[in-house]
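**Student:** Quick one: the structure is below, questions incoming.
Please treat every number below as a calculation from the coordinates, not as lab data. It should be emphasised that the depicted structure is a prediction, and the values quoted were computed from it without experimental measurement. Quick reminder, even Gly has a Cβ in these numbers, built from the backbone with ideal geometry, and neighbours come from all protein chains shown.
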Amino acid sequence: MTKLRRTMLFVPGNNTSMVVNAGIYPVDSLMFDLEDSVSLDQKDNARFVLHEALKTINYQNKELIVRINSLSNGMGQTDLDYLIPLGKVAIRLPKTDSSQDIIDCESYIEKIEKRCGMKVGTTKMMAAIESANGVLNAYSIAHASKRLIGIALGAEDLVTDLHTRRSPGGLELSFARSMILMAARSAGISAIDTVFSDLNDMEGFRSEVEMIKQLGFDGKSIINPRQIETIVEIFSPTEKEIIAALEIVDVMKEAAKMGKGVVSLHGKMVDKPIIERAKRVLETAKVTGQLARIEDEYYE
Amino acid sequence: MNKIKNFEAFNPDNIENKIESYITHRIENNKIVGSLEEAIKKSGLKDGMTISFHHHFRNGDHIINNVLKTLDRMGYKDLYLASSSLNVCHEPLIEYIKSGVITQIDTSGLRGPLADAISHGIMENPVIFRSHGGRAAAIESGELKIDVAFLGAPSCDPLGNANGYSRDDERANDVICGSLGYAKIDAEFAKKTIILTNHIVSYPNIPFGIPESQVDYIVEVSDIGDPGGIMSGATRFTTNPKELLIALSASKVITNSGLFRDGFSIQFGSGGASLAVAQFLRQPMIDRNYRARFALGGISGSIVDLHEEGLIEKLLDVQSFDLKAANSLKNNRFHQQISSTYYASPMNLGAAVNQLDIVVLSALEVDVNFNVNVLTGADGIIRGAIGGHQDTAAGARLAIVVVPLLRGRIPCVVEKVNTVVTPGKCVDVLVTDYGIAVNPARKKIIKTMKENHIKLIDIKELQNIAITMTGKPKAIEYKEKVVGVVTYRDGSKIDEIHQVVD
């Protein structure tokens, strides 16, 4: 089944109440943070809270990811020591500049997996790209490990590196977004967009979500549950799209019986890429639960 | 045959001072007395009698403490204090309980140090808790007889037309409380009614919350309360994501309940999640071109916004929650002040709660039988008020209770509530952040929810989830002594509150 990553909610690892209750929000992925939202003197606390929560709390079928600290100062290794043996979370590596960062992290993860008697490769990884180097190396990063499930843009650090700042419309991020998207698609993994931090600017948020959907992103990191609904709305296929997809799949089944590869539907040509898009729409609709309802009505 | 009463013969001499007062009566013939002491003396108050108050000044109230101070100074003992509710600011009452000035309390709720002291057994007699409707009925039936009502009012004319605001004298709006809904019944039934006001305004003070015909004495005082504690600017919608999630779920229950239609009626109880439901109903109302016929109960600024936008036609206001609501009552034609009888009395078939489609209520705890506790905390100590909970749950066609599954480390969906306040029989739907549970007795609601693809969860499952996260809490230890009697709105006893062990 297709794994949706439309919404990835940041949860500060040392905020016990948020960690405990994170499961209540209708997001696809929860991303518990040990890095920037946790101050230095809270790192141990956050690791402990996360470890206990992940052990006890049932987050149902949500994808669980932990953003660890950098491996360059030893903190990232401690994070991994705590988390990997649980066998429950994917690891998001921050500030990934090159494929070597992924390789280093992977080899540390592999050591722990072996030590714990886990199957090597169980732990999935994500990489956040937050620098000019990272953007330019996006292709090799995305291909650096079979463990990778996605790459994500981290805009705040990137714009600093680029000597600019974020603006409405995100002109300054256009190259990075395109680069990351191409790299992700080339490697067959998810592309996740950066956070939108002004909680009160829901209009600006909406237009950014619409833009990244149009670019081809799979979803977006979010910092507050208030942002969930807009993303879900924009990233879920409309009823019209689902019905059109059902029609396309139907008409192609008929065509296949007759040995045809191209047919016409409502006066428009339907060929392979269109069928593939229709199938993707249906897969998404299946996961969102929309398909069951619409299919009933469609076949009636 | 009719008995004919022996009428007394008319005597023109019995008309008092008609000619002599021609010029002066406006000044002299009024109900203003020089001091609170004088009013108390004139009222005929004696030891052992019942005095009453309202709680429209909420946590900014200075009336109760000041009146008790005077009564104490005057040497009164053994008084029965019946207030529509009591708050954190009423801590000084502890001293008057200790000194025997007050020997019995009758209220909707208790909070803060006074509640704590009572939970620890400071009083000989248990406190009687009543819902707002239950209190109205008890007063109407004579079960609760008020001898002297001390009612604070931000505006009052010399003859006793009193109100929580003034439409024409802006001075009186420095300390504004909006509706005097809970005080109306006291004024109507008390043997003597004393208005304490900080603003004597010109006659006639209309509109009035309390008419002069029900007022005996007026005392002008410099201080009735702290405006900041009485009300804030406007109750802001919560930004707490958990409360918003609960509110969103509750709004979905409402829009899929079958009761959401043009002309529906609704009440939002106090509490972040409950008030936020209004915000999530706005768009569906606009989309479907629905207008609510009325909103009832405590009115907050967010409800006023919907009213002013034309989405709610009428507001029936027993208590104005914030400045925006109070100003709306002052300015808006279809924002009506109502009494607690009109609102919720079980003796009144026409009570507004019986006309209510939907109510959204908060809770401290709910148990697997849908019983609700809004009075005692997880430590067994009194920390809440019944308010209109029982009344609206019984009256509304759809009673929704919103509660987070956990508050910190405390589970709020439990096997058995500490104190039963609203019986599970009256609760239809429980909305939590971990799912929506419908009372299994409500087969129709369950069917409607399922048809509309609303995912439901068994309430016992919710309780299990809570327990897996918090562990099973240790039972609260109580002593034998009963410190509170919780009445149901019909006057029967629904539960008891016992003294806590230190």
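**Student:** Under a straight-distance cross-link criterion of Cα-Cα below 18 Å, which aspartates and glutamates are reachable from B:K443, leaving out those fewer than 8 residues away in the same chain?
**Tutor:** Hits, sequence-local ones excluded: B:D357, B:D428, B:E451, B:D458.
**Student:** For the stretch B:436-502, state which GluC sites (Glu not before Pro) are in a DSSP loop and have at most 14 other beta carbons lying within 10 Å of their beta carbon.
**Tutor:** Here the sparse-neighbourhood loop sites are B:E477.
**Student:** In addition: Label the protein assembly as shown by shape, choosing from rounded, prolate and oblate, from the square roots a ≥ b ≥ c of the eigenvalues of the Cα gyration tensor; if a/c is under 1.5 it is rounded, and otherwise prolate applies when a/b is larger than b/c, oblate when it is not.
**Tutor:** prolate
**Student:** How much of the pair distance distribution for the stretch A:7-235 lies past 32 Å, counting alpha-carbon pairs only, in percent?
**Tutor:** 13
**Student:** Among rounded, prolate and oblate, which fits the stretch B:378-451 when a ≥ b ≥ c are the square roots of the eigenvalues of its C-alpha gyration tensor, a/c under 1.5 means rounded, and a/b larger than b/c means prolate?
**Tutor:** oblate
**Student:** How would B:L361, B:L406 line up from fewest to most surrounding beta-carbon atoms within 10 angstrom?
**Tutor:** Lowest to highest Cβ neighbour count: B:L406, B:L361.
**Student:** Can you tell me the dipole magnitude for the stretch A:1-65 around its Cα centre, using point charges on the Cβ only (Lys, Arg +1; Asp, Glu -1), in Debye to the nearest 20?
**Tutor:** 320
**Student:** Between the helical axis of B:241-255 and the dominant principal axis of chain B, each derived from Cα atoms, what acute angle in degrees is found, rounded to the nearest 10?
**Tutor:** So the inclination is approximately 90 degrees.
**Student:** Be a star and scan the stretch B:389-428 for residues whose amide nitrogen sits under 12 Å from the point 7 Å along the Cα-to-Cβ vector of B:L456.
**Tutor:** The answer is B:428.
**Student:** Using the 2.2 N^0.38 Å rule of thumb for compact globular proteins, work out how the stretch B:241-477 stacks up: its C-alpha Rg over that value, please.
**Tutor:** Relative to the 2.2 N^0.38 Å estimate, the stretch B:241-477 comes out at 0.98.
**Student:** Looking at the stretch A:1-95, which chymotrypsin sites (Phe, Trp or Tyr not before Pro) are in a loop (DSSP not H, G, I, E or B) and have at most 12 other Cβ atoms within 10 Å?
**Tutor:** none
**Student:** Suppose R0 equals 60 Å. What FRET efficiency, 1/(1 + (r/R0)^6) with r the Cβ-Cβ distance, do A:S178 and B:K42 give to the nearest 0.05?
**Tutor:** Efficiency computed from Cβ-Cβ geometry: 0.10.
**Student:** Largest first and in whole Å, give the semi-axes of chain B's equivalent ellipsoid, each being the square root of 5 times a Cα gyration tensor eigenvalue.
**Tutor:** The answer is 41, 28, 20 Å, longest axis first.
**Student:** Taking a cut-off of 26 Å between Cα atoms, list the lysines near B:K41, but don't count ones fewer than 8 places away on the same chain.
**Tutor:** Straight-line reach from B:K41, under 26 Å: B:K31, B:K69, B:K77, B:K98, B:K145, B:K184, B:K191, B:K192.
**Student:** I need the P(r) histogram for the stretch A:239-299: all alpha carbon pairs, bin width 10 Å from 0 out to the longest distance, whole percents.
**Tutor:** Histogramming the stretch A:239-299 at 10 Å steps yields 23, 52, 23, 1 percent.
**Student:** Please give, to one decimal in nm, the separation of the simple spin-label points placed at B:S35 and A:S264, each 7 Å out from Cα toward the Cβ.
**Tutor:** About 10.3 nm separates the two model spin labels.
**Student:** Which cross-chain or sequence-distant (5 or more) residues have an amide H under 5 Å from the amide H of B:L406, H modelled 1.01 Å from N in plane?
**Tutor:** Answer set, sorted by chain and number: B:C412.
**Student:** Could I ask something else about it? Can you tell me the 0 to 90 degree angle between the C-alpha axis of helix B:63-73 and the longest principal axis of chain B, rounded to 10?
**Tutor:** 50
**Student:** Residue by residue through the stretch B:456-470, which ³J(HN,Hα) values in whole Hz follow from phi under the Karplus form 6.51 cos²θ - 1.76 cosθ + 1.60 (θ = phi - 60°), with glycine and proline marked x?
**Tutor:** Karplus-based 3J(HN,Hα) across the stretch B:456-470 equals 10, 9, 5, 4, 5, 5, 4, 4, 4, 4, 4, 5, 5, 8, 9 Hz.
**Student:** Around A:N14, under 14 Å between beta carbons, what's the net of Lys plus Arg minus Asp minus Glu among the other residues?
**Tutor:** So the environment of A:N14 carries a net charge of -4.
**Student:** Oh, and also: Where the centre of each part is set by its Cα atoms, how far does the stretch B:469-502 sit from the stretch B:339-399, in angstrom?
**Tutor:** Taking the Cα centre of the stretch B:339-399 as reference, the centre of the stretch B:469-502 is 18 Å away.
**Student:** Related question: Can you sort B:Y343, B:Y165, B:Y96 by how many other beta carbons sit within 10 Å, fewest first?
**Tutor:** Least to most surrounded, the residues fall as B:Y96, B:Y165, B:Y343.
**Student:** Would you mind getting me the FRET efficiency between A:E254 and B:K472? Use the beta-carbon distance for r and R0 = 41 Å, nearest 0.05.
**Tutor:** 0.10
**Student:** Using a Cα-Cα cut-off of under 13 Å, which aspartates and glutamates could be cross-linked to A:K146, ignoring same-chain neighbours fewer than 8 residues away?
**Tutor:** A:E106, A:E110
**Student:** Taking only the C-alpha atoms, wrap a convex hull around the stretch B:161-218 and report its volume per residue in Å³ as a whole number.
**Tutor:** Convex hull volume per residue, Cα atoms: 72 Å³.
**Student:** Would you mind ranking A:R280, A:R47 so that the residue whose beta carbon has the fewest other beta carbons within 10 Å leads the list?
**Tutor:** By the 10 Å Cβ count, ascending, the order reads A:R280, A:R47.
**Student:** Here's something else I'd like to know. Between A:L171 and A:E233, with labels modelled 7 Å along Cα→Cβ, what's the label distance in nm to one decimal, could you check?
**Tutor:** Here the modelled spin labels are 2.8 nm apart.
**Student:** Based on the alpha-carbon gyration tensor of the stretch A:73-204, what equivalent-ellipsoid semi-axes (square roots of 5 times the eigenvalues) come out, in whole Å, largest first?
**Tutor:** Over the Cα atoms of the stretch A:73-204, the semi-axes work out to 29, 15, 13 Å.
**Student:** While we're looking at this one, here's another question. If you take the charge dipole of the protein assembly as shown about its Cα centre, with +1 on Lys and Arg Cβ and -1 on Asp and Glu Cβ, which of B:S43, B:I194, B:V359 is farthest toward its positive end?
**Tutor:** Working it through, the farthest residue towards the positive pole turns out to be B:V359.
**Student:** Can you tell me the order of B:315-323, A:158-166 when each peptide is scored by its average per-residue count of other Cβ atoms within 10 angstrom, highest first?
**Tutor:** Per-residue mean Cβ counts within 10 Å order the peptides as B:315-323, A:158-166.
**Student:** With no solvent and one equal point scatterer placed on each C-alpha of the stretch B:184-280, evaluate the Debye formula and give log10 I(q)/I(0) for q = 0.10, 0.11, 0.20 Å⁻¹, two decimals.
**Tutor:** -0.54, -0.63, -0.96
**Student:** What does the C-alpha gyration tensor say about the overall shape of the stretch B:101-241? Classify as rounded when a/c is under 1.5, otherwise prolate if a/b is larger than b/c, or oblate.
**Tutor:** Judged from the Cα gyration tensor, the stretch B:101-241 comes out oblate (a/c at least 1.5, b/c at or above a/b).
**Student:** Once you put a point 7 Å from the Cα of B:N125 and another 7 Å from the Cα of B:D379, both along the Cβ direction, what distance in nm separates them?
**Tutor:** If labels sit at B:N125 and B:D379, their model points lie 2.8 nm apart.
**Student:** Can you check what the net charge comes to around B:S202, using other residues whose Cβ is under 9 Å from the Cβ of B:S202 (Lys, Arg +1; Asp, Glu -1)?
**Tutor:** Net charge around B:S202: -3.
**Student:** Which of the pairs A:K88/B:K416; B:K242/B:K481; A:K286/B:K447; A:K95/A:K119; A:K257/A:K286 have their Cα atoms more than 30 Å apart in this structure?
**Tutor:** A:K88/B:K416; B:K242/B:K481, as the Cα separations exceed 30 Å there.
**Student:** Determine, from the Cβ-Cβ distance of A:L40 and A:I103 and an R0 of 25 Å, the FRET efficiency 1/(1 + (r/R0)^6), rounded to the nearest 0.05.
**Tutor:** Between A:L40 and A:I103 the formula returns 0.40.
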